[in-house]
1. If you look for lysine pairs in the chain that are eight or more places apart or on different chains, how many of them have Cα atoms under 26 Å apart?
2. Cα axis of helix 302-315 to longest principal axis of the chain: angle in degrees, 0 to 90, nearest 10?
3. Angle check, please: helix 13-31 long axis (alpha carbons) against the longest principal axis of the chain (alpha carbons), in degrees 0 to 90, nearest 10.
4. Of the labelled options (i) 48, 22, 22; (ii) 42, 24, 22; (iii) 58, 28, 21, which one gives semi-axes √(5λ) of the Cα gyration tensor in Å as computed for this structure?
5. Tell me, what is the per residue accessible area of segment 117-229 in Å², probe radius 1.4 Å?
6. What's log10 of I(q)/I(0) for segment 122-261 at q = 0.12, 0.19 Å⁻¹, Debye sum over Cα points only, no solvent?
7. May I ask for the distance between the Cα centers of segment 241-257 and segment 148-188, given as a whole number of Å?
8. Divide by every residue of the chain the summed helix terms, -39500 (n - 2.57) for each DSSP H run of at least 4, and state the resulting mean residue ellipticity at 222 nm, rounded to the nearest 500 deg cm²/dmol.
Amino acid sequence: MASSRKPRPTADPLERSLLAAVQSAVSQALLGQTPAPEPPARARRSGARSEAPLAVAYSGGPDSTVLLSLVCALRDARVAGFARPQAVHVHHGLQRDADAWVTHCEQQCAALEVDLVVRRVRVEGKGQGLEAAAREARYRALGGVARESGAAAVLTAHHLDDRLETFLLQWIRGAGLEGLSAMAQQRAFDEAGEGARIALVRPLLHVPRDRIERYLHHKGLAYVEDPGNSDLRFDRNSIRLRVLPELARLRSGFRGAAERSIELIAEGAEVLRTLARDDLLICTQGAPHSMLRIDRLVSLPEVRRSLVLREWLAQAGLPAPPRARLREALQQAIFASVDARLLIRIGDRELRRHRGLLCLHAPKRGAPVPHSVQWQGEAELAVPGWGGALVFTQTNEEGFDSRWLCAEPLELRPRTGGERFKPHPTRPSKRLKQIFQDARIPEFERTALPLVWRDGRLIYVAGVGPDVRMLVADGERIRIDWVGAARLLRD
C-alpha cells in the first residue's frame, strides 16, 4: 500500500545555495570548520537550545530581510549554531519614516517568532560624513546588544555588490591595499570589548545582489525601502546605480573577476601586515612599552618604515594618517636634529621623540591646578585632577616622619620654573629642570608630574623622589610614591 504521507517540500536550488552560504559562513566563524555541503534538513541537528545567540542586523530593507529569513529557516531546520537568532534594528532617526520601519520590523519578527531588539542612536557627523557617522553609531549599537545578550556573532547582510562598491569607493579615494581589500567575510568585532570574542560575519558576501533580489521576490518577503539609497548625491549610490550597471554591460562576468582581484589584494595586504608585525617586533625590542627605537627603524628599507609605523599606530588603536602625513612623521623622526622637538598629532595622541625613541603621548586638557590633601594615615590618596594618586608606605629606610607628615596639609602644584631640589644626599641641590634632564624625563611629560609641598617647602617631586633634606632615620617613617595614569618615559 502506498504511503498517504505527502513528501516534505524541498528547497529550490537558489534557496539551497543561499542557506548553504549562510550555514558555511557561520560555522566557520563559530567552529573554525566548513560543514559538509548538505541541505539544512539533513544537516547536523542541534538538540540543545543553550547555544549562544546570533545577532542579526535587521534594518527591514531587502538584504537584511533575506538574511533574517535564511537564518530563521536554518533555526527551524534545527541546524547547529542557529537555535537562538536575535534581530537587532538600529533606529538612526535620519529618515521621517524611521518609526514606521520599527513597526514593520516588529511585525515581521513576530511572524518569524524571533526576538527583536531596537536601539535608538544619535548620529553626529562632526569631522566625518553623515554616512560614516551613521555606520559608526550602528556598529557601536550592534556591539552593545551582542555583549549584553552574550551573542557569539553579529551577522550583517553585506553582499558581493556591496563589496565591489566599497572597492571602487576606496579606489577613487586613493586607498592602499588595506582599503582596497574592502570587506572580509569574517573578522573580530571591533566593539566586542572585554570578555568572550564576538565575530562579525557577512554570510552573503560572495552572493551578488540579483540573486538576493530573486529570493526576496520568490518568497514574497515584505520589506521597506530607504529613499536615501536612490540619492545620487552620495558616491556609493552613484556607483550602485550608474557605474556597476555600465560595467555589467561592458563585461557580463565582471563581478566574479573583480572579486578574485579583491581576494588577491587581501592576500597581499595580509602578507605585508605579517611583515610589518615582524619588523615592529624588531623595532620595539629593548624599548620601553609601546615605544619604537628609531635606530632600528632607520635600518629598514624606506618602504617598510611606513608599514611599521602604520602597524604601530594600529596596535595603539589609532587610525592611519594620510600617506603624506605619515611620510612627514618619518622624515622628522629620522632626519631632524637631535634637539629638535617632534610634535605630530594623530587622533587624540601626540607623536613625540625622546632620546632615540618614538613615543605616543596622550596630552592632558588644560594644566592641572593646585590641590591640597590632608594625610591621616591612609595608604593612598587619589587626586583625580592630576590623574593619579599619592601612595604612602611604611619603610625601614630613611623616610618622612609620619607625625610631621600629617601635621600640615600637603599641596600638589604644577612646576612654575626656578624650583630647586636635592634628590641625592651626596650631591648639591639643583634646579628642577636639570634634575628632570638627568632623570631623562621628557619635557612633554613634566607638566603632568605634581610637585608636593608642605608648609612652603618642596618635599617630593613625582618621577624623581623626595628631597633628602626632609627625611629622617628614626621613628615611624613613610615613603611617598606617585602613581599616575601616564607612565614616565625612560630609556
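The values are calculated or read from the model by the stated rules, or taken from the named source; none is laboratory data. Since the structure is predicted, the reported quantities are computational estimates derived from the model, not experimental observations. When we count neighbours, we look across all protein chains shown, and the Cβ atoms used for this are built from the backbone with ideal geometry, even at glycine. Side chains are part of the model used for accessible areas, which takes the heavy atoms of the whole protein and leaves out ligands, DNA and RNA. Shrake-Rupley method; radii C 1.70, N 1.55, O 1.52, S 1.80 Å.
1. 5
2. 90
3. 20
4. So the calculated entry is the one marked (iii).
5. Numbers: 5760 Å² over 113 residues.
Using a 1.4 Å probe on heavy atoms only, each residue of segment 117-229 averages 51 Å².
6. Results for segment 122-261 at q = 0.12, 0.19 Å⁻¹ read -0.60, -1.42.
7. Each part reduced to its Cα centre gives a spacing of 20 Å.
8. Roughly -11500 deg cm²/dmol at 222 nm, from the helical runs in the chain.
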